[in-house]
Amino acid sequence: METNEKAAALRIEGLTKIFHLGRNKNVVALDNLSLEIKEGEIFGLLGPNGSGKTTALKLVLGLLFPTSGQIEILGRDYQNIEVKNDIGYLPENPYYYRYLTGPEILTFYGRIFGMTKEIIKERKEKLLKLVGLYDQQHLSLKHFSKGMLERIGLAVAMLNDPKFLILDEPTTGLDPIGSRETRNLLLDMQAAGKTILLSSHYLSEIEKISNRVGILHQGKLLTLGTIPELMTQWKAEDIEDLFIKVIEWSKQS
Ligand SMILES: Nc1ncnc2c1ncn2[C@@H]1O[C@H](COP(=O)(O)OP(=O)(O)OP(=O)(O)O)[C@@H](O)[C@H]1O
Ligand SMILES: [Mg+2]
């Protein structure tokens, strides 16, 4: 390996997930996905509803069992228990106890991670400031806006200071200010050396922060590259045009 070449944070080879829904009824949610994400990269997984984004992320997290394929995270098999310490996850629809406050939620998850009281206290303060919820410490989550819930979700995902963040639709439900704040937060995370894999169907969100993107449709990865590369390759005027051209092409082929 050349010295300027970054190591792979994630390596996926031939990953397939078939859901069996009963006799002769199968859904191929992910079809032979191969993908490599470099350390320090922000990678955007794009695709319409039901294209397999969440399935791909859950497989990487070990929350679903693959039908076939290999997954390596930071050079280790994804099933290696130590790998879990290096991963932070924001689920698609995070659900937290509504009667707890932001600091209480972080304490709760900190204990699950087995963190000491002192470390929890230190991380909690830092993260609440980072996600802009430090001044709302006494508010229980039932009074949180969508944007605030998304931000507490990000704080939970970053609680164990993971090297690799997996975020399923991190800007869903956020207003333009909230999504810009989240984007800036993710860029700060990248500057701090983290690798980020995120899914979205908000093309403009992905365009602003991702180093590379992949477009999924019906479980298949149709195209992969930097946005300028893909725009040239697909003769697209903008990212929306790119998305439509790629999906149309896959319907015809
Ligand atoms: N647990 C499950 N059992 C059966 N089918 C499933 C299951 N989870 C997902 N699927 C199916 O797999 C396909 C991919 O779903 P997935 O949730 O990964 O899509 P997605 O790209 O995340 O969609 P969205 O943008 O709506 O979040 C869909 O056809 C979905 O119905
Ligand atoms: Mg999804």
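Which one of the conditions (1) at positive phi; (2) in contact with a Ser or Thr (Cβ under 6 Å, 6 or more places away or on another chain) does THR101 fail to meet, given that it meets all the rest?
Against the list (1) at positive phi; (2) in contact with a Ser or Thr (Cβ under 6 Å, 6 or more places away or on another chain), THR101 comes up short only on (1).
May I ask you to list pairs of residues, at least six apart or on different chains, whose Cβ atoms are under 9 Å apart, with the first in segment 191-208 being closer than 26 Å to GLU72 by Cα and within 13 Å of ligand 1 (Cβ to nearest atom) and the second being of a type outside the set (A, V, I, L, M) and assigned to a helix (DSSP H, G or I)?
LEU198/GLU205; SER199/LYS53; SER199/THR54; SER200/LYS53; HIS201/LYS53; HIS201/PHE243
Which of the residues spanning segment 53-94 are touching a Gly at 6+ places or on another chain (Cβ under 7 Å), at pLDDT below 95 and not in a strand (DSSP E or B)?
TYR78, GLN79, PRO94
Does LYS117 satisfy being surrounded by fewer than 16 Cβ atoms within 10 Å (Cβ to Cβ), more than 16 Å from ligand 2 (Cβ to nearest atom) and among the basic types (Lys, Arg)?
yes
Give me the pairs, please: first residue somewhere in segment 231-252 and over 18 Å from GLU205 (Cα atoms), second residue anywhere and of a type in the set (Phe, Trp, Tyr), beta-carbon distance under 6 Å, and either six or more positions apart or on two chains.
Matching pairs, first to second residue: LYS245/TRP234.
Taking segment 135-168, which residues are surrounded by 22 or more Cβ atoms within 10 Å (Cβ to Cβ) and free of Cβ contacts under 8 Å to residues at least 40 places away in the same chain?
ARG151, the sole residue that qualifies.
Kindly list the number of the only condition in (1) away from ligand 1 (no atom under 13 Å from the Cβ); (2) over 22 Å from VAL246 (Cα atoms) that fails for LYS58.
(1)
The values are calculated or read from the model by the stated rules, or taken from the named source; none is laboratory data. Given the structure is predicted, the values throughout are model-derived calculations rather than measurements. Cβ coordinates were reconstructed from backbone atoms using ideal geometry, including for glycine residues, and neighbour counts include every protein chain displayed.
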